[in-house]
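The values are calculated or read from the model by the stated rules, or taken from the named source; none is laboratory data. If you're wondering where the values come from, they're calculated on a predicted model, not measured in any experiment. Here the Cβ positions follow ideal geometry from the backbone for every residue, glycine too, while neighbour counts run over all protein chains shown.
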Amino acid sequence: MTEIENKITNLLNPTQNYVVALSGGVDSSVLLHIVHSYTSNVRSVFVNHNQKDSEKLQKSAESFAKDLGVDHLNVDTQLDSDSSETKMRDARYEALFNNMQKDEILLLGHHSDDRVETFMINLFRGTRLKGLLSIKQETKGILRPLIDIKKSSIIKYAQDKKINFLEDSTNKDNSILRNWLRNEIIPSLEKNFKGDLNSKIQGLIYEIDELTKNDKNLISYIKSAKGYVEVPISLINMDNSASYYLLSTISQYIGQSGLQNSDIKKIFSVIEKNIRKSFFENWEVSSQSGLLIFVNKEKWTGSADLLEPKGYFNFEKYDSIDSLNNWSISLPKYLENEIYFSEISDGDLFKTGSHNQKAAEIFRSYGVNKSLREVWPVLKLKDTILWIPGIRKSSEGNWLETQKDKFIISASTEKVSIENF
């Protein structure tokens with residue numbers, strides 16, 4: 001068994017089920033070749049990004065998996081042909097996780113050179129220590145067996161084993177930041193400085209990892225749900241390495257490649273002025289009840305399914321319940337297909353007795369900030385608000401609870417730690 005085979009198989013369990021993200025390129029092809037030689041509990045998935053070489057890469061991946069006798073799946077995305085690297089990455093992860101079973105682990109082809117490039121990108125962007133840790137070998141549900149192996153070793157293995165793969169032509173496009181680093185800057189640095197740059201940066205990454213171990217204990221204070229992340233403001237202080245580590249962790253969790261100084265200034269202005277600001281892509285940052293919160297309205301909302309989780313809200317339907325309060329509502333069964341959850345709209349009214357009050361004012365009176373106010377699910381019948389989960393029911397909602405032949409919708413909240421991220 002070769003050194004590269006030993007390194008990879010030592011990380012695997014022959015009884016575990018794996019999914020290799022097969023791109024059609026050399027890295028993932030070598031990965032699948034070695035994993036398949038070790039265990040039959042593996043399949044491959046290709047995600048089509050609709051870019052220049054996507055169709056060719058798909059055929060390459062499909063052909064390679066077929067030659068190995070590995071079950072293979074091609075997944076399409078709705079990406080535009082000029083999508084950014086960030087959009088492609090987000091779409092890729094979404095597609096991969098949507099096609100995985102609960103007992104499967106995703107294997108990605110990131111290697112040592114990828115880690116070095118990410119380190120340098122984050123360094124030049126002004127990221128903090130967390131960002132300089134670069135790409136981890138293992139995160140929740142994901143394993144990167146090649147992360148300590150150089151690209152040159154991967155290519156040599158492919159040549160020795162006569163593995164067919166396709167090189168993505170966009171890798172030569174130096175207008176892409178990562179390609180510019182890979183094709184011009186790193187070779188120039190290696191030419192002008194003695195020693196192996198890859199090994200130097202790998203050693204620095206391991207040292208940073210060791211130095212930040214105490215800070216990792218704080219990650220348990222970060223809680224998340226779909227489209228939502230929070231951390232106690234009391235843990236966030238200016239010029240404090242532990243605080244920066246927490247913020248960098250959140251930054252990576254929501255999809256940023258690294259936290260920059262401008263992001264930190266934005267966060268502290270939110271805390272000091274009690275305002276909200278756009279943060280990254282569709283994420284906003286604000287404060288709420290002693291918490292620094294990040295909300296992504298698009299991710300929070302989800303589908304129109306009545307019982308689909310909305311942010312940190314979960315919903316269940318029952319035929320009976322011991323007691324009713326503001327976390328549940330009882331409704332006639334004939335309305336089951338008529339009601340729906342929605343966010344409040346401008347001008348939405350909430351009826352209390354003989355009076356109508358703006359729904360936004362109800363939220364304000366309960367101390368709900370604007371970021372949460374805009375995504376908080378409210379139960380409606382046509383355009384009439386029946387219930388604001390966790391807050392109160394309208395007059396119409398209270399009246400419907402007096403009717404017969406009913407069912408109950410119950411709400412609860414759940415925020416989980418991101419310790420395993």
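Are any residues in the range 63-83 polar (S, T, N, Q) and assigned to a loop (DSSP other than H, G, I, E, B), and if so, which ones? Give the steps one after another, and end with the answer.
First pass over the range 63-83, keeping only residues polar (S, T, N, Q): 63, 74, 77-78, 81, 83.
77, 78, 81, 83, listed by residue number.
Restricting attention to the range 325-336, does a residue exist that is within 26 Å of the chain's Cα centre (by Cα) and aliphatic (A, V, I, L, M)? Can you show your working first?
Applying the first criterion (within 26 Å of the chain's Cα centre (by Cα)) to the range 325-336 yields none.
So far as the range 325-336 goes, no, none of its residues is within 26 Å of the chain's Cα centre (by Cα) and aliphatic (A, V, I, L, M).
What are the residue pairs meeting all of these: first residue in the range 177-204, first residue assigned by TED's automatic domain parsing to the domain that holds residue 151 and surrounded by 12 or more Cβ atoms within 10 Å (Cβ to Cβ), second residue assigned to a helix (DSSP H, G or I) and among the polar types (S, T, N, Q), Cβ atoms under 7 Å, and 6 or more apart or on different chains?
Here the result reads 179/171; 198/112; 202/112, each pair linking the range 177-204 to a residue that is assigned to a helix (DSSP H, G or I) and among the polar types (S, T, N, Q).
Please go through (1) loosely packed, with under 15 Cβ neighbours inside 10 Å; (2) polar (S, T, N, Q); (3) free of Cβ contacts under 8 Å to residues at least 40 places away in the same chain for residue 170 and return the number of the only condition it doesn't satisfy.
The number of the failed condition is (3).
Quick one: would you say residue 415 is over 22 Å from residue 306 (Cα atoms), surrounded by 14 or more Cβ atoms within 10 Å (Cβ to Cβ) and in contact with an Asp or Glu (Cβ under 8 Å, 6 or more places away or on another chain)? Full working, then the answer.
Values: over 22 Å from residue 306 (Cα atoms): no; surrounded by 14 or more Cβ atoms within 10 Å (Cβ to Cβ): yes; in contact with an Asp or Glu (Cβ under 8 Å, 6 or more places away or on another chain): yes.
For residue 415, the condition - over 22 Å from residue 306 (Cα atoms), surrounded by 14 or more Cβ atoms within 10 Å (Cβ to Cβ) and in contact with an Asp or Glu (Cβ under 8 Å, 6 or more places away or on another chain) - is not met.
I need the full set of residues from the range 223-247 which are over 17 Å from residue 284 (Cβ atoms) and either in a helix (DSSP H, G or I) or β-branched (Val, Ile, Thr) (or both), in order please.
234, 235, 241, 242, 243, 244, 245, 246, listed by residue number.
From 60, 29, 44, 23, which residue is part of a strand (DSSP E or B), crowded, with 22+ Cβ neighbours inside 10 Å and small (Gly, Ala, Ser)? So that I can check it myself, show each step before the final result.
Working: 60 fails: part of a strand (DSSP E or B); 29 fails: part of a strand (DSSP E or B); 23 fails: part of a strand (DSSP E or B).
Sole residue among the options that is part of a strand (DSSP E or B), crowded, with 22+ Cβ neighbours inside 10 Å and small (Gly, Ala, Ser): 44.
Does any residue in the range 232-256 that is without any contact (Cβ under 8 Å) to a residue 40 or more places away in the chain come within less than 7 Å, Cβ to Cβ, of a residue that is of a type in the set (D, E, K, R) and crowded, with 17+ Cβ neighbours inside 10 Å six or more places away or on a different chain, and which pairs are these?
242/215
Out of all the residues in the range 171-187, is one or more of a type in the set (D, E, K, R), within 28 Å of the chain's Cα centre (by Cα) and assigned to a loop (DSSP other than H, G, I, E, B)? First the steps, then the outcome.
Here is the first cut: in the range 171-187, the ones of a type in the set (D, E, K, R) are 172-173, 178, 182, 184.
Narrowing further to those that are within 28 Å of the chain's Cα centre (by Cα): 173, 178, 182.
With the extra rule that they be assigned to a loop (DSSP other than H, G, I, E, B), the set shrinks to 173.
Yes; the residues of the range 171-187 include at least one that is of a type in the set (D, E, K, R), within 28 Å of the chain's Cα centre (by Cα) and assigned to a loop (DSSP other than H, G, I, E, B).
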